[in-house]
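A short write-up of the structure that comes next.
The values are calculated or read from the model by the stated rules, or taken from the named source; none is laboratory data. What you are looking at is a predicted structure, and each value in this text was computed from that prediction instead of being measured. Quick reminder, even Gly has a Cβ in these numbers, built from the backbone with ideal geometry, and neighbours come from all protein chains shown. Accessible surface areas use protein heavy atoms only, side chains included; no ligands, DNA or RNA. Shrake-Rupley method; radii C 1.70, N 1.55, O 1.52, S 1.80 Å.
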Amino acid sequence: VYEKVAPAAPLKDLSTAKIALCTTGGIVPMGNPDHMYAATAKFWKKYDLSDCDKLEGGKWESVHAGFDPVYANEDPNRVAPYRMLKTLEAEGFIKSVYPYLLTTTGNSTSVADATRFGQEMAQDLLENGVNGAILTST
């Protein structure tokens with residue numbers, strides 16, 4: 001039995017909103033320094049993106065075992081569209097982008113772990129004044 005969760009109300013004005021990027025696509029720094037699991041994730045990570053305006057291939061990679069990561073590794077923005085969010089910020093469509101990527105892998109992850117990840121990520125976003133989040137999957 002899955003818990004039913006009411007969706008949040010839509011944001012009325014994105015031009016005043018801070019937006020975060022979260023992914024279950026397993027996007028991590030090249031070399032996977034924190035040993036993110038390729039499947040059956042037990043943790044999520046938060047990576048500082050404040051010094052970049054896109055996720056660069058060769059600096060970031062996908063460690064997700066549920067799909068062929070060739071195209072994600074070539075351009076990690078295909079899975080985690082940070083470049084697009086920074087473009088929307090520059091154009092004034094959104095006020096700001098939360099300068100961190102919240103990431104894990106979703107394949108074969110237990111409902112209990114995924115629920116915990118979501119609660120922990122939501123707490124982080126709330127504590128940092130984030131108004132909305134984009135969660136990409138694979």
Practice task
Would you calculate a helix-derived [θ] at 222 nm for the chain, using -39,500 (n - 2.57) for each DSSP H run of n ≥ 4 and dividing by the full residue count, to the nearest 500?
Solution key: -6500 deg cm²/dmol
Completion exercise
Phi angles of the stretch 130-138, converted by Karplus (6.51 cos²θ - 1.76 cosθ + 1.60, θ = phi - 60°) into ³J(HN,Hα) in whole Hz with x for Gly and Pro, give 7, 8, x, 9, 10, 10, 9, 10, 10
Fill in the blank from the handout: Amide H proximity to residue 23 below 5 Å, modelled H, separation 5+ or other chain, gives 102, 103, 104, 136
Handout entry: Extension gain from residue 93 to residue 1, taking 0.36 nm per residue of separation minus the Cα-Cα distance
Key = 29.2 nm
Problem - Summed residue charge, Cβ within 13 Å of residue 46's Cβ, Lys/Arg positive, Asp/Glu negative - result: -4
Handout entry: Under Karplus coefficients 6.51, -1.76 and 1.60, residue-wise ³J(HN,Hα) of the stretch 22-35 in Hz, glycine/proline x
Key = 10, 8, 9, x, x, 7, 9, x, 3, x, 6, x, 9, 6
Practice task
Would you mind checking which residues have amide H under 5 Å from residue 61's amide H? H placed 1.01 Å from N; only 5 or more apart, or other chain.
Solution key: 28, 30
Fill in the blank from the handout: Counting only DSSP beta bridges with both partners in the stretch 17-107, the antiparallel fraction in percent, to the nearest 5, comes to 55
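Express the accessible area of the chain per residue in Å², computed with a 1.4 Å probe while the remaining protein chains stay in the model.
Normalised by residue count, the accessible surface of the chain is 58 Å².
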Completion exercise
Magnitude of the Cβ-charge dipole (Lys and Arg +1, Asp and Glu -1) of the chain about the Cα centre, nearest 20 debye, reported as 260
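Run the accessible area of the chain with a 1.4 Å probe and give the carbon-and-sulfur part as a rounded percent. Could the numbers behind the result be given before it?
Numbers: 4360 of 7960 Å².
Carbon with sulfur: 55 percent of the solvent-accessible area.
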Exercise for the section: Specify the inter-centroid distance of the stretch 1-63 and the stretch 82-138, based on alpha-carbon positions, in whole Å. Expected result: 5
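By the gyration tensor of its Cα atoms, with a ≥ b ≥ c the square roots of the eigenvalues, what is the shape of the stretch 64-138: rounded for a/c under 1.5, prolate for a/b over b/c, or oblate? Each step should come with its number before you reach the end.
Details: a/c = 3.25, a/b = 1.15, b/c = 2.82.
Oblate, since a/c reaches 1.5 and b/c is not below a/b.
Determine, for each peptide in 55-64, 129-138, the mean count of other beta carbons within 10 angstrom over its residues, then list the peptides with the highest first. Intermediate results must be reported in sequence, preceding the final value.
On the way: 55-64: 19.6, 129-138: 15.2.
Highest-to-lowest ranking by the protection proxy: 55-64, 129-138.
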Problem - Filter on 18/46; 12/46; 54/95 - keep pairs with C-alpha separation over 20 Å - result: 12/46
Problem - Average silhouette area of the stretch 11-121, convex hull of alpha-carbon atoms, in square nanometres - result: 7.1
